[in-house]
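Let me begin by presenting the structure, written as structure tokens, before commenting on it.
The values are calculated or read from the model by the stated rules, or taken from the named source; none is laboratory data. What you are looking at is a predicted structure, and each value in this text was computed from that prediction instead of being measured. Note: ideal-geometry Cβ built from the backbone for every residue, glycine included; neighbour counts use all protein chains shown.
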Amino acid sequence: MNVTQIRGETMDTFNIINTDDGKNKYPYLVISTSYNNPLDDLKEIENDLGDFSGRLLFDLLASNGHAPNRFIEGKVVNGRFETSSFKIVNHIDLEIKKETFNYFMDNMQELENSVLNNAAKFLFKKGLKI
């Protein structure tokens, strides 16, 4: 999986990762970077995506915790979200899970402002998947 960060620096609520290598179901991952939910910033995300059309995946670990609604799929058409297409995704490809785990291992500070409790943060810091 070829990963490129779209934003040069981490924003308050999200970061966008380009994972498009022609094989991925989701060419973009939108990763929450604090307890603030990036679903509240859809217009800003649209601006960053440009005229992209396709499906993308939100990883809301920092804002929702390790809950059933951690991963949300959304459809984008010509750079605009079709919010009626949003749905919770329970079965995530192992490659995507690895990618999001590695992202947080490299950006551990983002979990400090998350909804995760101290025990979960500790496990993550030790490299244990939660």
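Here are a few things to note about the model shown:
- Matching residues, the stretch 94-114, being of a type outside the set (Phe, Trp, Tyr), touching a helix residue (DSSP H, G or I) at 6+ places or on another chain (Cβ under 9 Å) and surrounded by 18 or more Cβ atoms within 10 Å (Cβ to Cβ): Thr100, Glu110, Leu111, Ser114
- Filtered residues of the stretch 51-99 (kept if out of contact with any Lys or Arg (no Cβ under 7 Å at 6 or more places or on another chain), over 16 Å from Ile31 (Cα atoms) and of a type in the set (Gly, Ala, Ser)): Ser53, Gly54, Gly79, Ser84
- Number of positions in the stretch 20-41 that are at pLDDT 85 or above and either over 16 Å from Lys98 (Cβ atoms) or not hydrophobic (A, V, I, L, M, F, W, C) (or both): 15
- Here Glu44 fulfils each of the conditions (1) within 13 Å of the chain's Cα centre (by Cα); (2) at pLDDT below 95 apart from (1).
- Members of the stretch 47-85 found to be charged (D, E, K, R), more than 12 Å from the chain's Cα centre (by Cα) and either closer than 23 Å to Lys98 by Cβ or in a strand (DSSP E or B) (or both), listed by number: Arg55, Lys75, Arg80, Glu82
- Any hit, the stretch 83-91, residues being small (Gly, Ala, Ser) and free of Cβ contacts under 8 Å to residues at least 12 places away in the same chain: yes
- Filtered residues of the stretch 87-130 (kept if in a loop (DSSP other than H, G, I, E, B), modelled with pLDDT under 90 and closer than 14 Å to His66 by Cβ): Leu128, Lys129, Ile130
- Among residues of the stretch 102-130 that are farther than 14 Å from Ser63 by Cα, those with a Cβ under 7 angstrom from a residue that is of a type in the set (Phe, Trp, Tyr), sequence gap 6+ or separate chain, pair up as Phe124/Phe104; Lys129/Phe101; Ile130/Phe124.
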